[in-house]
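K.L.:
Here you go, one structure.
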Amino acid sequence: MEKLNINSMIKSNQDVLVPRFGLGVWKSKPKECYSAVISALKAGYRHIDTAAIYGNESEVGDAIRDSGIPRSEIFLVTKLWNADQGYDSALKAIDRSLSNLKTDYVDMYLIHFPVADKRKDSWRALQKIQSDKKTKAIGVSNYMIWHLEELINETEVLPAMNQVEYHPFLNNNELLSFCNSKGIILEAYSPLAHGQKLNDPKVSELAKKYNKSNAQILIRWSLQKGMVVIPKSANPERIVQNADVYDFEINAADMVSMESWDEGLRTCWDPTTVE
């Protein structure tokens with residue numbers, strides 16, 4: 001296994017390097033979002049993930065500006081919200097996001113959810129947005145295999161990334177394998193299952209064994225499975241702690257054991273219901 005660190009990257013099928021580790025800011029209120037991004041960048045994070053619907057793009061932009069870190073060193077992701085899907089509306093939505101983020105480009109722009117009847121036009125718009133250099137790479141979020149197959153059949157431009165809820169208790173190996181086979185990066189959001197399984201005895205047992213926090217065990221698992229992972233926290237100490245996952249490795253036997261934890265636990269929305 002490659003030796004991972006906080007600066008580890010993975011190359012996308014669109015030739016853009018994506019940091020393997022980042023900060024998610026879903027449900028982070030504006031003031032706490034600003035502080036969280038500042039704390040994360042100070043701790044060495046260089047990947048920040050937001051979205052139009054989160055209502056905190058402006059604070060993310062302020063924090064990046066105030067951090068003193070060159071924009072070129074930060075991998076910035078935002079997403080096209082459902083109400084803005086469609087060709088013309090998507091072209092307007094990226095301009096609003098860029099204005100809020102106080103930047104002239106993002107590094108990755110994602111379709112937030114596979115909205116029926118609109119996602120094809122949205123993908124055409126994302127290709128235009130990429131050709132206009134308003135984003136370096138384009139991808140999707142919450143896409144299941146059939147959504148990806150539909151997209152692949154409709155376009156020559158494969159998504160660089162598919163961002164989905166992923167953790168040991170929602171371990172969709174079929175989706176992971178499909179994405180890997182197409183060169184699509186799978187990014188794990190909610191890698192801590194929104195805390196719902198943080199104190200599960202199985203997690204606690206491994207945390208004790210490796211002398212790590214329960215959260216660190218879950219984050220390390222996602223990294224070792226080859227995914228990009230974006231844990232969310234607004235607590236400066238936990239932001240630092242979540243990144244402290246590079247001085248140990250979960251052994252093969254424990255990784256196999258964790259594979260059996262899957263129980264289909266979704267803590268966010270369920271894209272499997274969307275045709």
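Read-outs: derived from the displayed coordinates by stated rules, not from any lab. Please read all numbers here as calculations on a predicted model, not as lab measurements. Ideal geometry is used to build each Cβ from the backbone, glycine not excepted, and the neighbour counts take in all protein chains shown.
K.L.:
Helix-derived [θ] at 222 nm for the chain: sum -39500 (n - 2.57) over DSSP H runs of at least 4, divide by residue count, nearest 500? Show your work: numbers first, answer last.
P.N.:
On the way: 10 runs with 108 residues, N = 275.
Calculated mean residue ellipticity at 222 nm is -12000 deg cm²/dmol.
K.L.:
So, one more: Need one number: the % of Cα-Cα pairs in region 123-225 sitting beyond the 15 Å mark.
P.N.:
Details: 3450 of 5253 pairs.
Roughly 66 percent, once rounded to a whole number.
K.L.:
Checking the cross-link filter: which aspartates and glutamates have an alpha carbon closer than 17 Å to that of K120, excluding same-chain neighbours under 8 positions apart?
P.N.:
Candidates past the 8-residue exclusion: D84, D88, E149, E150, E154, E156, E275.
K.L.:
For region 60-134 and region 136-150, what is the centre-to-centre distance using only Cα atoms, to the nearest Å?
P.N.:
Between the Cα centres of region 60-134 and region 136-150 lies a distance of 15 Å.
K.L.:
Between L17 and D270, what length in nm is gained on full extension when 0.36 nm per residue of separation is reduced by their alpha carbon distance? Intermediate results must be reported in sequence, preceding the final value.
P.N.:
On the way: separation 253, 0.36 × 253 = 91.08 nm, distance 2.89 nm.
Roughly 88.2 nm would be gained on extension.
K.L.:
Could you give P(r) for region 9-262, binned at 5 Å from zero, as whole percent values over all Cα-Cα pairs?
P.N.:
Pairs per bin, as whole percents: 1, 6, 14, 18, 19, 17, 12, 8, 3, 1, 0.
K.L.:
Which is farthest toward the positive dipole end of region 1-115 among Y105, G24, N82, measuring Cα position about the Cα centre, with Cβ charges +1 (Lys, Arg) and -1 (Asp, Glu)?
P.N.:
Result: G24, furthest along the dipole toward the positive end.
K.L.:
Sticking with this structure for a sec: Please rank L101, L175, fewest neighbouring Cβ atoms within 10 Å first, as an exposure proxy. Intermediate results must be reported in sequence, preceding the final value.
P.N.:
Details: L101 24, L175 18.
Lowest to highest Cβ neighbour count: L175, L101.
K.L.:
For a quick check of your reading of the filter: which trypsin sites (Lys or Arg not before Pro) in region 100-160 sit in a DSSP loop and have no more than 16 other Cβ atoms within 10 Å?
P.N.:
Working: sites: K102, K118, R119, K120, R124, K128, K133, K134, K136; in loops: K102, K118, K133, K134.
Listed in order of number, the matching sites are K102, K133.
K.L.:
Further question: Counting only other residues whose beta carbon sits under 12 Å from that of D121, what net charge do I get with K and R as +1, D and E as -1?
P.N.:
Values: positive: K118, R119, K120, R124, K128; negative: D84, D88, D117, E154.
Here the count lands on +1.
K.L.:
Search the structure for amide H atoms under 5 Å from the amide H of F21, placed 1.01 Å from N in the peptide plane, and list their residues when 5 or more places away or on another chain.
P.N.:
Those lying under 5 Å, H to H, from F21 are V229.
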